[in-house]
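Following: one structure in structure tokens, then a few remarks.
No value in this document is a laboratory result; all are computed from the given coordinates. On a predicted model such as this, the values are computed, not experimentally measured, just so you know. Every residue, glycine as well, gets a Cβ built from its backbone with ideal geometry; the counts of neighbours run over all protein chains shown.
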Amino acid sequence: DAGITQSPRHKVTETGTPVTLRCHQTENHRYMYWYRQDPGHGLRLIHYSYGVKDTDKGEVSDGYSVSRSKTEDFLLTLESATSSQTSVYFCAISETGDSYEQYFGPGTRLTVT
Amino acid sequence: GNSVTQMEGPVTLSEEAFLTINCTYTATGYPSLFWYVQYPGEGLQLLLKATKADDKGSNKGFEATYRKETTSFHLEKGSVQVSDSAVYFCALSDRQGAQKLVFGQGTRLTINP
């Protein structure tokens, strides 16, 4: 199994509070991704990174920011959590782009009350 | 923009039945196509992929053929097992730099003994 961990695995927070989710990899892969999974929508890309300090927006980036100061860590921050951000968040990594496999972490279940 | 449409679920079959899960896509250019599987409580795992027209991806008895003329990538298995119960996601990548996956909504499959 690819070495990807996510923390925390579960979190309950209140509307308006900041939240940071962490993705950590031990594979030294260049690309890292954050997705959210919601019923009826599959997974949707929030942000991705193609190197240290190199990030870009995905399909549903509003309300989220990311940072990557080291190859192995990719942080997702909700500056002011809203109930619409209640979801399961998955981190993924890939060695390169195009047709290579993405490896997914175990997910973080976030509930915003 | 790019999009993926999967057949509505849930799908319930008996063991040893034939499985088809339909997937069609809309994309500019020539995307790569994927099937991912998610077992309960886990992240996604790549099941199979195809990177050009008429390619057939296969793994664990599952197959899918990249049909450019019908923009489809249907998943099939000749004889399903209880252990195949999971959620299946069809996805595409536009092959532009980072592998930004676009997912279908997922199809929940339950196999009864």
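Return, for the Cα atoms of the protein assembly as shown, the radius of gyration and Dmax in Å, separated by a comma.
In Å, with Rg to one decimal and Dmax whole: 17.4, 51.
In the stretch B:21-113, what GluC sites (Glu not before Pro) fall in a loop by DSSP, with at most 10 other Cβ atoms inside 10 Å? Spell out each step's value before the answer.
On the way: sites: B:E42, B:E63, B:E69, B:E76; in loops: B:E42, B:E69.
In loop regions of the stretch B:21-113 (DSSP not H, G, I, E or B), the sparsely surrounded GluC sites (Glu not before Pro) are B:E69.
Volume per residue, Å³, of the convex hull around the alpha-carbon atoms of the stretch B:1-106? Walk me through the numbers on the way to the answer.
Values: hull volume 10.5 nm³, N = 106.
Dividing the Cα hull volume of the stretch B:1-106 by its residues yields 99 Å³.
So what is the relative contact order for chain A, in percent, with contacts set as C-alpha pairs under 8 Å and at least six apart?
The normalised contact order for chain A reaches 35 percent.
Mind listing the phi-derived Karplus ³J(HN,Hα) values for the stretch A:6-19, rounded to whole Hz, using 6.51, -1.76 and 1.60 with θ = phi - 60°, and x for any glycine or proline?
For the stretch A:6-19, the Karplus curve yields 10, 9, x, 8, 9, 8, 10, 9, 9, 3, x, 8, x, 9 Hz.
In Å, what is the Rg of the alpha-carbon atoms in the stretch A:1-105, and how long is Dmax?
Rg then Dmax for the stretch A:1-105, in Å: 13.1, 39.
Farthest toward the dipole's positive end in chain B, which of B:Q99, B:G9, B:W35, given Cβ charges of +1 (Lys, Arg) and -1 (Asp, Glu) about the Cα centre?
Selected residue: B:Q99.
Trypsin sites (Lys or Arg not before Pro) within the stretch A:40-110: which are DSSP loop residues with at most 10 other Cβ atoms inside 10 Å?
Details: sites: A:R44, A:K53, A:K57, A:R68, A:K70, A:R109; in loops: A:K53.
Qualifying residues, ordered by number: A:K53.
In whole Hz and in residue order, list the ³J(HN,Hα) couplings for the stretch A:76-93 that follow from phi through the Karplus curve 6.51 cos²θ - 1.76 cosθ + 1.60, θ = phi - 60°; x for Gly and Pro.
Values per residue, Gly and Pro as x: 10, 10, 9, 5, 8, 4, 10, 4, 5, 8, 5, 5, 9, 10, 10, 9, 9, 10 Hz.
Any lysines with Cα under 28 Å of the A:K53 Cα? List them, leaving off those in the same chain fewer than 8 positions away.
Candidates past the 8-residue exclusion: A:K11, A:K70, B:K100.
Sort out for me the Cα centre separation of the stretch B:12-73 from the stretch A:1-68, rounded to whole Å.
25
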